[in-house]
Amino acid sequence: MTRHLSPSITLALSVAALALSGCGDRSDPSATPMATASAATGIAWRRGDVTDAFAEAQERGKPVLLYWGAAWCPPCNQLKAGLFRNADFIGRTRDVVPVYLDGDTPGAQAWGERFGITGYPTLIVLRPDRSEVTRLSGTGDPVQVTAALDAVHRGSADIDTLLRRVRATPGALSADDWALLAGYGGWYDPARKTSAGAALGALADAAPDPRLQRQFLLQAQAVANDDAPPLPPERAARLRAALATVLRDPAEVRANRAALTYGAVALVRAAAPQDAAARQRTGDAIVAALDPLFGDAKLVASERLSSIVAAIALFRDRAGEDAPVPAALRRTVRDRAAWADRSVTDAYARQAVISTAAELLGEAGDADGAQRLLTAELKRSHTPYYYMPALAELAEARGDRRQALDWLRRGYATAEGPASRVQWGVTYVEGLLRLSPDDRATIERATGDVIGELAGQPEGYRQRTRLRLEKLGKALAEWSVRHRGGETLARLRAAGAQRCAGQRDPQAAAACRDWLPAAGGTTV
């Protein structure tokens, strides 16, 4: 099973439910906007008004900490359950102007486009002049994240400047500079991803501290594309040595848990590309080193549960995607998923951990267990629509197309927030195109409804909404050629042009009018 929205078996997962009304936790960005912050009461998030946050930053000479998230997003809720409750992190937020930007608030997608933010969650530090300093990792050790904020407070240069200095004069970097680089969380941003491996490799070569060298080495391989060429022998040997050292030290395992967990397959392949026995030993060592994290009460529940992700991913890599997971591993997944369901009651932590538990059950071959877990969670969650695409995927996998489409339809019907409604609406239409392609009337009606979500949103055709509608437009163009949908496409294009005329920005309006290719376009 692969979740539609936030797959946990890929390194793209950054970090885990839901803010319950009236919960009173000030680490919740939906709390009173101008609440007074302290280590006891939480972070004083300014909610939504980014312009005011920058005005205050200019007045006070402080940077802005912008948190971009969504109420339904499991990794966002993992941040609320973990990092945002860390006393050291809370204390460091006194040196910044913290602002929470929910992706469904008016104008949020325009701000996301302005700052090049695409995925939830993103933590970005900006100067009062709105230039970017760094993006913080929500999956790393809180010590590294708070050290990065300290470096910002003391005036360290921005990430791009530091990366240039690493290549030119690495010896000139200060301890604060290295702390900022160690806590950087933007390696998976689209603008950075293609060069991330090379940049991290350069950091590994230049870092003055052996622990940092190992961190960057592991990260460099974890972010590499599947089609990346094999490492040179000397580099592979260095990676093997670094990996062996990390795996012997529980503290380093904990600090590098994201790369080890979600990059396990890439690390094993790179460290022992030609030796199956060595790959097996390396993989077993990673699994054994990560397993104690399940018992680490200092980690949030979803991170504890994710300690078994690498075991499943490495098994799949060896045995193939369709091979049945060994019974012992399947039992462990079931037992730990049951622990999560039984013991995790905190609202934020539960949103993250139930998503992870269902994903792991599906990956372990227990689709029925995942179905039961998610169905039961619908009654507890304040965003039940989040789980419905996963339930649709389970139904589709067992051949029940009608049930799959019903879950997708219900998800769209109950989704809340303008950007989220477009996202769930696009998912529903994509399901119709895949599972019921000859039902042109329903496809046209559902697509028209999604287009209608732009009504009253003069800044709506931005960032995530724009990307999703563009993707849908290509899918509709391909469908129209294969299923005689040219007339349908022409009517939808006309309807879209009417809605797009309401976009305030002329460039956005023009792009909006072109999101759906002309009827009769070629397949893509």
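The values are calculated or read from the model by the stated rules, or taken from the named source; none is laboratory data. In this text, all values refer to a predicted model and were calculated from it rather than measured experimentally. For neighbour counting, all protein chains shown are included, and Cβ atoms are generated from backbone atoms with ideal geometry for every residue, glycine included. The accessibility values were calculated without ligands, DNA or RNA, using every heavy atom of the protein model including side chains. Shrake-Rupley method; radii C 1.70, N 1.55, O 1.52, S 1.80 Å.
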Unmet requirement for G411, which otherwise passes all of (1) more than 30 Å from R466 (Cβ to Cβ); (2) crowded, with 20+ Cβ neighbours inside 10 Å: (1)
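I want to confirm something. Restricting to the stretch 118-165 and keeping residues that are of a type in the set (D, E) and in contact with a strand residue (DSSP E or B) (Cβ under 9 Å, 6 or more places away or on another chain), which single residue is surrounded by the fewest Cβ atoms within 10 Å (Cβ to Cβ)?
So in the stretch 118-165, the residues of a type in the set (D, E) come out as 129, 132, 141, 150, 158, 160.
Applying the additional criterion that residues be in contact with a strand residue (DSSP E or B) (Cβ under 9 Å, 6 or more places away or on another chain) yields 132, 158, 160.
Values: E132: 16, D158: 16, D160: 13.
Looking at the filtered set, the residue picked out is D160.
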Residue count for the stretch 282-303, restricted to those that are part of a helix (DSSP H, G or I) and modelled with pLDDT of 95 or more: 14
Exclusive hit being surrounded by fewer than 19 Cβ atoms within 10 Å (Cβ to Cβ), at pLDDT below 95 and more than 24 Å from V253 (Cβ to Cβ), set T105, T93: T105
Selection within the stretch 374-392 - in a helix (DSSP H, G or I), open to solvent by less than 50 Å² (accessible area, probe 1.4 Å) and among the aliphatic types (A, V, I, L, M): L374, M388, A390, L391, A392
Residue match in the stretch 456-465 (condition: over 21 Å from C73 (Cα atoms), crowded, with 16+ Cβ neighbours inside 10 Å and of a type in the set (D, E, K, R)): yes
Contacts under 7 angstrom Cβ, first residue in the stretch 246-260 being at pLDDT below 95 and open to solvent by 40 Å² or more (accessible area, probe 1.4 Å), partner acidic (D, E) and in a helix (DSSP H, G or I), 6 or more apart: none
Single condition A323 does not satisfy, out of (1) among the hydrophobic types (A, V, I, L, M, F, W, C); (2) within 30 Å of D346 (Cα to Cα); (3) in a loop (DSSP other than H, G, I, E, B); (4) open to solvent by less than 60 Å² (accessible area, probe 1.4 Å): (2)
The stretch 193-208, residues that are under 25 Å from the mean Cα position of the chain (by Cα) and either at positive phi or of a type in the set (D, E, K, R) (or both): K193
Residue match in the stretch 133-153 (condition: among the basic types (K, R) and either modelled with pLDDT under 90 or over 20 Å from the mean Cα position of the chain (by Cα) (or both)): no
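Go through R47, R85 for me and flag whichever is at pLDDT 90 or above and open to solvent by 30 Å² or more (accessible area, probe 1.4 Å).
Values: R47 fails: at pLDDT 90 or above.
Unique residue meeting the criteria: R85.
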